[in-house]
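Structure first, commentary second.
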Amino acid sequence: MSIYLDHAATTPLRTEVLEAMLPALTGTFGNPSSIHAAGRAARTLIDTARDRVALALNARPREIIFTGSGSEADNLALRGVVRRRAGSGGHLIISSIEHEAILETARDLRRLDFEVTELKVDAMGRVDRDVLAAALRPDTVLVSVMLANNEVGTIEPIRELAEVTHADSPAVFDTDATQALGKMKLDVEELGVDLLTVSAHKIYGPKGVGALYARHGTLLDPLITGGSQERTRRSGTENVPGVVGFGVAVQLAEAERAVEMRRQARLCAELSQRIQQGLPDAVATGSPVGERLANFCTFAFPGVEGELLLMRLDRVGICGSAGSACTSGSLAPSHVLLAMGLSPQLASAHLRLTLGRSTTQADVERAGDVICREVTALREHALRA
Ligand SMILES: Cc1ncc(COP(=O)(O)O)c(C=O)c1O
């Protein structure tokens, strides 16, 4: 039996979610824009899902825009604000440890004459409020800093950063909460953000469904124009089964969050302890416990090639990751780890283990032992070579 420790990459669909989606694939097949009964039934399903996502974020249902992924929601946040607010030219601020959906989008906007500042982070991966304050300019239209990092789990001080932004500039504050949803309380009022991205497949929902929270009054141009769905902010006939699945997944995740995250935090502590006991020179990456997502267990192993370690672990049935799913598979060291000040060698020796609902005590015991064994074997092999 393999042990899946890559829940930050994606999660399996929950049975309850699948069961809720099935009728929307067959029975309630109407187009939500149709005025007849079949259309209205589909519209009701979408409305219910929207209410559920809104409730989880303490937002109003009309502030939720369903999209085709977290990446699309990130694109809508950046491109939508830029197009609406400035037309062309201006200044954007992002952190240097953003997911590619933000990083590459911001870089692409340079082609439209936007200047982009990538904020430095500290050794834990945290953005400092003074660093942000110093970067803000009168022509800054948007600041985007993720809520929790997808490679090391570090939680950013979003409330403070949003406060600094709003105190000193008219810029819109955006946060990518794709990893944070279901792991910590997300309250858009407490956080003080204008835009926030989430994605269903990270919380045992279907792939290919995301959402952008857009605070009432935040002006956005759509990326996809057409039939005016989602209050004209995202056209296209809605993915009704996907949206239904998202709604159920978020409701279940919120109901179970407190208990489940305490359980995963305990297992994470056990796994970390086993790794540190077996491999005393392992370097824990990211913020300390309490300031990171509770299901993240991340280490760099000096002298070990991370890709080789992943392959060896895969052969013995342990699914982990080097960093994000997008960066593992490429040999370039992760931009997140480099920004945190890790050397390229150490950044290439990184292992991200992310726990989930199915993870058991037996899993972490076995995974801990196997990881120690495989890292030691790789080192011995390197010495002999
Ligand atoms: C922080 C973060 N943002 C955005 C995304 C993209 O989400 P999606 O896979 O739904 O496009 C991911 C997925 O890995 C992520 O971890």
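Some points to look at:
- Within the accessible area of the chain (1.4 Å probe), percent carbon and sulfur: 55 percent
- Segment Glu256-Asp51, extension gain: residue separation times 0.36 nm, minus the distance between their alpha carbons: 72.0 nm
- The distance from the alpha carbon centre of the stretch 334-361 to that of the stretch 1-64 is 31 Å, rounded to a whole number.
- Extension gain for the segment Arg137 to Lys207, taken as residue separation times 0.36 nm less the Cα-Cα distance, is 21.4 nm to one decimal.
- When restricted to Cα atoms, the chain yields an Rg and a Dmax of 21.3, 73 Å, respectively.
- Candidates Gln251, Gln229, Gln277: whichever shows maximal mean-square fluctuation once the chain is modelled as a Gaussian network with Cα springs under 10 Å: Gln277
- Note on the chain: GNM, Cα springs under 10 Å; of Ile102, Ile224, Ile318, the largest mean-square fluctuation is that of Ile224.
- A straight line joining the Cα centroids of the stretch 363-384 and the stretch 129-160 runs 37 Å.
- Beta bridges assigned by DSSP with both partners in the chain are antiparallel in approximately 50 percent of cases.
- In Å², nearest 10: area of Met184 left accessible to a 1.4 Å probe: 40 Å²
- Thr26-Asp187 FRET efficiency (beta carbon distance; Förster radius 35 Å; 0.05 resolution): 0.45
- Stretching Asp130 away from Thr15 to a fully extended chain increases their span by 36.8 nm, per 0.36 nm per residue minus the current alpha-carbon distance.
- Modelled label positions at Glu291 and Asp168, each set 7 Å beyond Cα in the direction of Cβ, lie 2.0 nm from each other.
- Mean accessible surface per residue for the stretch 1-141, computed with a 1.4 Å probe while every protein chain stays in place, in Å²: 46 Å²
- Top of Met146, Met124, Met311 by mean-square fluctuation, Gaussian network on the chain, Cα under 10 Å: Met311
- Partners of Lys207 within straight-line reach, counting lysines whose Cα lies under 19 Å from its Cα and excluding those fewer than 8 residues away in the same chain: Lys183.
- Separation between Cα centres of the stretch 245-265 and the stretch 217-236, rounded to whole Å: 30 Å
- Zone of Asn58's modelled label, taken as backbone nitrogen in the stretch 173-196 under 13 Å from a point 7 Å along Cα→Cβ: 185-193
- Mean separation of Cα contacts under 8 Å (6+ apart) over length of the chain, as relative contact order %: 22 percent
The values are calculated or read from the model by the stated rules, or taken from the named source; none is laboratory data. Just so you know, these numbers come straight off a predicted model, no measurement behind them. With ideal geometry, Cβ positions are generated from the backbone for all residues, glycine too; neighbour counts draw on all protein chains shown. Surface accessibility is based on the protein's heavy atoms, side chains included, excluding ligands, DNA and RNA. Shrake-Rupley method; radii C 1.70, N 1.55, O 1.52, S 1.80 Å.
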